[in-house]
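All remarks here apply to the structure that follows.
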Amino acid sequence: MNEEKIIPGNEDDLKIIANTRRLTREYLFSDYLDTEKRQSILKELFGSVGENVVVDTPIHCDYGKHTFIGNNVIINMNCTFVDDAKITIGNNVLIASNVQFYTGTHDTDPKKRMNENWKETGKQWFNTLCEPITVKDGAWLGGGVIVLPGVTIGKNSVIGAGSVVTRSIPDNCVAVGNPCRPIRFLD
């Protein structure tokens, strides 16, 4: 795993997360028909937002600024972006309800997972490991999909509802299950 350590408890990160919570709340309570205001909030929330992007509410993010969204993207209701590392959503992507993206994880070894001397070192009491997630152009993620750290979902690939994507998925395939695996390739 390519480690990118973060300290979620540091003051700068806490300020970013607090602002993200404010923006997602503002977005949730904005007038659905006020597309200009809603797009303005999305552009402040995310690292970048392309043209013709629809994000339904509610939406949940840690940082927001680490998520980059291409053109012609639909993100349905109740999606979660744990964007401790970069999340890249390509163009022409469909994301169904309740999809969850997790860039952060923790070591399975409890000695590496926890910081025993956290008070003395000024570090958080636990370690977080992060890897980016990429969803390539034309992909479709069905309802309730969970995408884990370090995963790339290939161009035009379809991820079946309820799948847990633990490894990268190649281009042009239908993949399903837990763990998610390709079951057929598209022409």
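What to note about this one:
- Relative to the current alpha-carbon distance between residue 106 and residue 183, full extension at 0.36 nm per residue lengthens the span by 24.7 nm.
- Accessible area of the chain divided out per residue, in Å², using a probe of 1.4 angstrom: 54
- FRET efficiency for the pair residue 123 and residue 171, taken as 1/(1 + (r/R0)^6) with r the Cβ-Cβ distance and R0 = 45 Å, rounds to 0.65.
- FRET efficiency, 1/(1 + (r/R0)^6) with R0 45 Å, evaluated for residue 156 and residue 11 via beta carbons: 0.60
- About its Cα centre, the chain has a charge dipole of approximately 300 debye under the convention of +1 per Lys or Arg Cβ and -1 per Asp or Glu Cβ, with nothing else charged.
- Residue 93 - accessible surface, heavy atoms, 1.4 Å probe, Å² rounded to 10: 0
- Residue among 34, 13, 107 with the largest mean-square fluctuation in a Gaussian network model of the chain, springs linking Cα atoms under 10 Å: 34
- Cross-link reach is defined here as a Cα-Cα straight distance under 16 Å, omitting same-chain residues fewer than 8 places apart; for residue 112 the lysines meeting it are 5, 123.
- When 24, 67 are compared by accessible area of protein heavy atoms, the largest-first order is 24, 67, using a 1.4 Å probe.
- With the charge dipole of the stretch 97-187 set up from +1 on Lys and Arg Cβ and -1 on Asp and Glu Cβ about the Cα centre, the Cα lying farthest toward the positive end among the listed residues 124, 100, 135 is that of 124.
- Farthest toward positive dipole pole in the chain [+1 Lys/Arg, -1 Asp/Glu at C-beta], among 169, 32, 50: 169
- Rounded accessible area of residue 60 (nearest 10 Å², 1.4 Å probe): 80
- Sulfur and carbon atoms: percent of accessible area, the stretch 34-187 [1.4 Å]: 50
- Near residue 18: Cβ cut-off under 12 Å, other residues only, Lys/Arg at +1 and Asp/Glu at -1. The net charge is 0.
The values are calculated or read from the model by the stated rules, or taken from the named source; none is laboratory data. All of these numbers come straight from a predicted model, not from anything done at the bench. Note: ideal-geometry Cβ built from the backbone for every residue, glycine included; neighbour counts use all protein chains shown. Just so you know, the surface numbers come from the protein's heavy atoms only, side chains and all, with ligands and any DNA or RNA stripped out. Shrake-Rupley method; radii C 1.70, N 1.55, O 1.52, S 1.80 Å.
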